[in-house]
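First up is the structure itself, then whatever we jot down about it.
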Amino acid sequence: MKTTGMIATALVVLLGWTCAAQSQDELKQKVHELEKRVAKLEAGLGPVLARIAREQAVEEQRLKARARMRQDSEVYSREALSKIEGLYQIANKKWGSEAGKESLKQLVSHYDKANRTGCALLYLGQMTKGEEQIYCLTEAIDGFSGCYYGDGVQVGAYARLMLANRLRKDGKTDEADALLEEIREQFPNAIDHRGRLLSEILPPKARK
């Protein structure tokens, strides 16, 4: 009788182990299936989350732009601000013309603390060529990086991009790459005039 009881006990234990093993296998399978479903869900949400992050970055840049523009009222009178905007708009209406360039140069020479001055230098960097272009873009970077266009484009970031493109054309790839790296590190949420993150449209890092 004792032997029969021991055998029965062994069978019960063995059956328990088998059931436990089956449960673990089923659990692993369910976990695997769940992980696959989560991966698919994350893949589907990826573009949505990226779009939301991009929209937040754009709104953040535009808020910074408005804050920078308000600072001008602490430095300049209403009359001066009106003159600044008038000179700036001449260039907008007469883009690339000598009159437009002259109005921007007057703005830069007379109002060196205005937000629009940084934008004016960047405009001149787009309108000019050769050493004059390099000078204007360098001045925008060195003295007016914290200025903004109304759409949220930051002068410091965009001037670096423009100068990098110019230097790359001149064969100065190391200097150009250094400027692009500054954009990645110092202006991670900077945007272009179409609301795109510069970090998403910059060329890939050069392999050394």
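Full-extension gain between residue 168 and residue 23, please, as 0.36 nm times their residue separation minus the C-alpha to C-alpha distance. Provide the component values of the computation, followed by the final result.
Values: separation 145, 0.36 × 145 = 52.20 nm, distance 6.29 nm.
Result for the pair: 45.9 nm of gain on full extension.
In terms of Cα to Cα distance under 16 Å, which aspartates and glutamates are near enough to residue 205, apart from those fewer than 8 places away along the same chain?
Within the straight-line limit of under 16 Å, residue 205 reaches these aspartates and glutamates: 174, 175, 177, 181, 182, 185.
For the pair residue 138 and residue 73, how long in nm is the line joining their label points, each one 7 Å along Cα→Cβ?
It works out to 3.7 nm between the two label points.
If the cut-off is a Cα-Cα distance under 20 Å, which aspartates and glutamates reach residue 101, setting aside same-chain residues fewer than 8 apart in sequence?
85, 112, 131, 132, 139
Using 0.36 nm per residue of separation minus the Cα-Cα distance, give me the extension gain between residue 48 and residue 66 in nm, one decimal.
Details: separation 18, 0.36 × 18 = 6.48 nm, distance 2.73 nm.
The span from residue 48 to residue 66 would gain 3.7 nm if fully extended.
Would you mind checking which residues have amide H under 5 Å from residue 191's amide H? H placed 1.01 Å from N; only 5 or more apart, or other chain.
Amide H to amide H, under 5 Å and 5 or more residues apart or across chains, residue 191 pairs with 154, 198.
Starting from the amide H of residue 148, placed 1.01 Å from N in the peptide plane, find each other amide H under 5 Å away whose residue is 5 or more places distant or on another chain.
The list, which skips near neighbours in sequence, is 155.
Sticking with the crude label model, points 7 Å out along Cα→Cβ, report the distance from residue 201 to residue 106 in nm, one decimal please.
In this crude label model, residue 201 to residue 106 measures out at 3.2 nm.
Have a look at the range 63-208 and give its Rg and Dmax from the Cα atoms, expressed in angstrom.
Looking at the range 63-208, its Cα Rg and Dmax stand at 15.4, 53 Å.
None of the figures in this text is laboratory data; all of them are computed from the coordinates on show. Source: prediction; values computed, not measured. Glycine also receives a Cβ, built like all others from the backbone with ideal geometry; neighbour counts cover every protein chain displayed.
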